[in-house]
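The values are calculated or read from the model by the stated rules, or taken from the named source; none is laboratory data. Remember, predicted model here, so these are calculated numbers, not experimental data. As a convention, Cβ positions derive from the backbone with ideal geometry for all residues, glycine included, and neighbour counts pool all protein chains shown.
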Ligand code: HEM
């Protein structure tokens, strides 16, 4: 949790800290050698080819899809307004709506429900991390990640490949979605383009990396707001004043500064990627301690974000701390990692979270349900065990 050591791992000596063996063992069966797990030259060219996909302009162009998913979510909630609702499930559905609409949306034959099921069961299985995965036993030791959901994964990949091939030959969408943008992506250095398998692995990576993490951010934000009337009212007041049309749109985001701070503060208290790990390639020294090749370095993001010497009143929910120019050390806050391997979808996720949370605040007031308190549990990501059950009262 020492910010200087973290800067050393993420930035200064980044080549010595490739993604850990546990990360790779768990994710490779689903997402191959994609951006998330690749290393060295194979990572570099993919990152260069994919970077423009997430430019500010492209992400803003996709905001109508986020606004529409938010409206559909509000309409679903309206139908259950007098009952406790599990907002974790609701947010998972909403962010899956968004990510599937910006990847393989509307494509003929794309089995949205089937893909969602396959990914969810994969994440659930992969979440049961086995001890050998963590300790880095030799690869020949059988482990869970080798035997999970083989059939469902295979079906999902075949399906994605056929959608990609069809789109390659047909017209792109307007505005272009992530598949169109990635199809047009070229590494400016090597002129390399992605083949169908590489496109598929990266699109599935965006789905896996992007939908549950954003759903968690939204679920924890609603939980925090439901338990803090002051912050909830301030956030709603901002939305009411700043969003003049019925829908919250991409152009509103710059004016929703307090809602943005609520998201930042939620990512501090409940970072979806609560643990990030690396396996050292060579000898090094961190905080006066020798690091040997093969050592796994675990970066406890959750603990870092609540460290008493780095944050004032770290356990308080106080979004205002993000309104001033952040006084704390930059490496005290790492919800998206840092350095060259920082989350490529961070702006996408923040825009989506601001649009969906503002849309919900515009239509409903959230209240906790007595006796139903979620407890954070680390299963690959930081999940609310038992769900996030809240009442939603129409405004
Ligand atoms: C609140 C939501 C999100 C959180 C908290 C989050 C968190 C992270 C973190 C911590 C990393 C770095 C992991 C490491 O260094 O080991 C990362 C990488 C990545 N994320 Fe996200 N992420 C989010 C949303 C998204 C979205 C929406 C997408 C895509 C649509 C995405 C795609 C990726 C990819 C491809 C990488 C790997 C980048 C590389 O290694 O070059 N993420 N994310």
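Annotations
- Residue among 31, 9 that is under 19 Å from the mean Cα position of the chain (by Cα) and in contact (Cβ under 8 Å) with a residue 60 or more places away in the chain: 31
- Residue tally, condition under 26 Å from residue 351 (Cα atoms) and more than 20 Å from the chain's Cα centre (by Cα), over region 34-43: 0
- Test: residue in region 336-354 that is more than 30 Å from residue 8 (Cα to Cα) and more than 9 Å from the ligand (Cβ to nearest atom): yes
- Where residue 290 falls short, out of the listed (1) assigned to a strand (DSSP E or B); (2) within 16 Å of the ligand (Cβ to nearest atom): (2)
- Qualifying strands (runs of 3 or more DSSP E) (wholly inside region 301-395; at least 2 residues being at pLDDT 95 or above): 364-368, 389-394
- Annotation note: of 248, 239, 259, the sole residue that is surrounded by 21 or more Cβ atoms within 10 Å (Cβ to Cβ), part of a loop (DSSP other than H, G, I, E, B) and away from the ligand (no atom under 13 Å from the Cβ) is 248.
- Put simply, of 159, 199, 234, 225 the only residue that is within 16 Å of the ligand (Cβ to nearest atom) and not in a loop (DSSP other than H, G, I, E, B) is 199.
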